[in-house]
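Taking it in order: structure first as C-alpha cells, then the write-up.
The values are calculated or read from the model by the stated rules, or taken from the named source; none is laboratory data. Computed from a predicted structure; not experimentally measured. Glycine gets a Cβ as well: all are built from the backbone with ideal geometry, and neighbour counts include every protein chain shown. Areas reflect the complete protein model, heavy atoms only, side chains present, ligands, DNA and RNA absent. Shrake-Rupley method; radii C 1.70, N 1.55, O 1.52, S 1.80 Å.
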Amino acid sequence: MTKEIRIGLIGYKFMGKAHSNAYRQVSAFFEPPLTPRLKAVAGRDEKAVREFAAHFGWERYTTDWREVVADPEIDLVDIAAPNDLHAPIALAAAEAGKAIFCEKPLARDLSEAREMLRAVERAGVPHMVCFNYRFLPAVRLAKRLIDEGALGRVRQFRAIYLQDWLKDPGFPLLWRLRKEQAGSGALGDIAVHTIDLARFLVGEIAEVTGLVKTFVKERPLPEEGTGMGEVTVDDAAAFLGRFANGATGVFEATRMAPGRRNFIHVEVNGEQGSLFWNAEELNSLWFYSEDDPGHTWGFRRIIATDPNHPYAKAWWPPGHLLGYEHSFVHAIVELLEALAAGRPPSPSFLDGVRAQAVLDAVLRSAEERRWVAVPEVEVGG
C-alpha cells in the first residue's frame, strides 16, 4: 500500500490553486511512492480560505499558518504565501521537523535566503523550491541535448520574460509592488524563472551588470478612497551575465509590455547548434544542428509529447498537448519520489539561494552602475 504524506498548504490564491491541483492530479496519472493527503490549508481571509478548502478538498482550514506548522499530523509544509512570509514559515517549519516545499523566489534578499538554507540544513529536513518551468518535457529535452553535447560548447544564453498586467497605472498597489513584502519587482517575480533556467541549462552565473526601472512611481492603495502609495520595486529589469564556463547571457523581464500576457523565450547557442523554447508553445522545442546536411539546415520543431520525453508518457497519446498546470504536477512527482527515496529533491533551497544571489547582484549593479560578481553560495549558506 502506498504511504500517505500529509500536506499543509499556506496560501490559497494563484499558487495555492496550482499546488492544490497538482496534489490532486499526481496520483491519478503517475504512481508516486507517496500519496498526498490534503490535510490543512491556511489563509488570512476566513471566508475565502474556507471556500478554497471546500473547493479543492482540503480537510480543514485555518487563518493562522502557525497552526499548520505546529500540527503533528502535517508531514510537509507547502509555502505559497507572499514573499515576506517565506522565511518565517520556513524557519518555523524546519524547527518543527517538517519537509518544506516553497514557491519562488525563495526569499526577499540573499541574507534571508541564506538564513532559510542554514535552518533546513541544521534541522536536516528535506527542502525544495518550486521552479516549475524546469519540469516541462520540452525544457527537460533541452537539458538532455545540451548535456549530450548536441550543441557543442555553449557560448550564449538569452531569455526574455514579458507580462503586461501592470500596464494600467490605475492598477492598485498590491504586495508585489512593495519592496518590504516582495523584495523586488519583475526581477524577483519573473526574471528569477529565467535565471533558474539559465543555471539549469548552462551553469552558474558568475558576474552581472544590469539596470532596473520603475515607470509608474505611485499607484492607488488597495483600500478604496485611501489615496496613493509609492511603488518601491522595479517594473522592468535587464542585465548581462557572464557564466562561470565562459558563456554570455542576456536577460530581460518586464510586467509592462502591452500584449504580452506570459511570454517567455529562452535560447541557447553553442559551437555546433542552437535551441530555443517559448512558453506560448510550451510543448515545442526548436533545435538546429550543424551536423545536419547543408541542404537541410534550419530549425526543426520537436513536439515533446512522445513517451520517450520526460513525464509525457503518463499523460496523453503523442501530439495531445500539455499545459502550464502539468509543470506543477511534475514538480510534485520529483518531490514525492525524492522524499520516498531519502534523497534531496531538486531544485533545493541551495538552488533558490544561488538564484537569489544573482538577483541581489543585479540590484547592486543597477544601483552602482557597474559589473558585480555574483556571491558564491555553497552548502551551509
Check: In nm, to one decimal, how far is the modelled label at residue 281 from the one at residue 27, with both set 7 Å along Cα→Cβ?
Finding: 3.9 nm
Margin query: So, taking all protein chains as they sit and a 1.4 Å probe, how much accessible area belongs to residue 280, in Å² rounded to tens?
Written below: 110 Å²
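Using r as the Cβ-Cβ distance of residue 295 and residue 371, and R0 as 41 Å, what FRET efficiency do you calculate, to the nearest 0.05? Mind dumping the intermediate values first?
Numbers: r = 44 Å, r/R0 = 1.06.
With a Förster radius of 41 Å, E is 0.40.
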Margin query: From the phi angles alone, apply the Karplus equation (6.51, -1.76, 1.60; θ = phi - 60°) to segment 207-215 and give each ³J(HN,Hα) in whole Hz, x where the residue is Gly or Pro.
Written below: 7, 9, 9, x, 9, 10, 8, 10, 7
Notebook entry, point to check: Once phi is turned into ³J(HN,Hα) by the Karplus curve 6.51 cos²θ - 1.76 cosθ + 1.60 with θ = phi - 60°, what whole-Hz value does each residue of segment 191-196 show in order, with x for glycine and proline?
Noted result: 4, 4, 5, 6, 5, 5
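What full-extension length gain, to one decimal in nm, is calculated for residue 44 and residue 341 as 0.36 nm per residue of separation minus the Cα-Cα distance? Write out the running numbers ahead of the final one.
Values: separation 297, 0.36 × 297 = 106.92 nm, distance 3.49 nm.
Extending this stretch completely gives an extra 103.4 nm.
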Notebook entry, point to check: In deg cm²/dmol, rounded to 500, what helix-only [θ] at 222 nm does the chain give when every DSSP H run of at least 4 residues adds -39500 (n - 2.57) and the total is split over its residues?
Noted result: -10000 deg cm²/dmol
Checklist line | Sites residue 59 and residue 324 - FRET efficiency at Förster radius 25 Å, r taken between beta-carbons, to 0.05 | finding: 0.40
Notebook entry, point to check: Any idea what the alpha-carbon Rg over 2.2 N^0.38 Å comes to for segment 166-250?
Noted result: 1.33
Checklist line | Surface accessible to a 1.4 Å probe, residue 116 within the full protein complex, Å² | finding: 0 Å²
Next item on the list: State whether segment 97-252 is rounded, prolate or oblate according to the following rule on the C-alpha gyration tensor (a ≥ b ≥ c being the square roots of its eigenvalues): a/c under 1.5 gives rounded; otherwise a/b larger than b/c gives prolate, and the remaining case gives oblate.
Entry: oblate
Check: Which entries in the list 47/104; 3/143; 98/213; 104/217; 13/217; 39/179 go over 29 Å, if you measure between the two C-alpha atoms of each?
Finding: 3/143; 98/213; 39/179
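Give the percent of DSSP beta bridges with both residues in the chain that are antiparallel, rounded to the nearest 5. Please report the intermediate quantities before stating the final value.
Numbers: 42 of 72 bridges.
Bridges in the chain that DSSP calls antiparallel: roughly 60 percent.
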Notebook entry, point to check: When the chain is fully extended, how far beyond the present Cα-Cα distance does residue 230 get from residue 143, taking 0.36 nm per residue of separation?
Noted result: 27.2 nm
Check: Cα gyration tensor of segment 77-185, axes a ≥ b ≥ c as square roots of the eigenvalues: rounded (a/c below 1.5), prolate (a/b > b/c) or oblate?
Finding: oblate
Note to self: Please list 287, 14 from largest to smallest accessible area, probe radius 1.4 Å, with all protein chains kept in place.
What the structure shows: 14, 287
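Assign one of three labels to segment 12-142, namely rounded, prolate or oblate, based on the Cα gyration tensor with a ≥ b ≥ c the square roots of its eigenvalues; rounded applies when a/c is under 1.5, prolate when it is not and a/b is larger than b/c, and oblate otherwise.
Numbers: a/c = 1.44, a/b = 1.03, b/c = 1.39.
Rounded, since a/c falls under 1.5.
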Check: What ranking of 360, 196 comes out by heavy-atom accessible area, probe 1.4 Å, highest first?
Finding: 360, 196
Note to self: Could you work out how much longer the chain between residue 4 and residue 66 gets when fully extended? Use 0.36 nm per residue separation minus the Cα distance between them, nm to one decimal.
What the structure shows: 20.1 nm
Checklist line | Nearest-10 value in Å² for the accessible area of residue 204, using the 1.4 Å probe | finding: 80 Å²
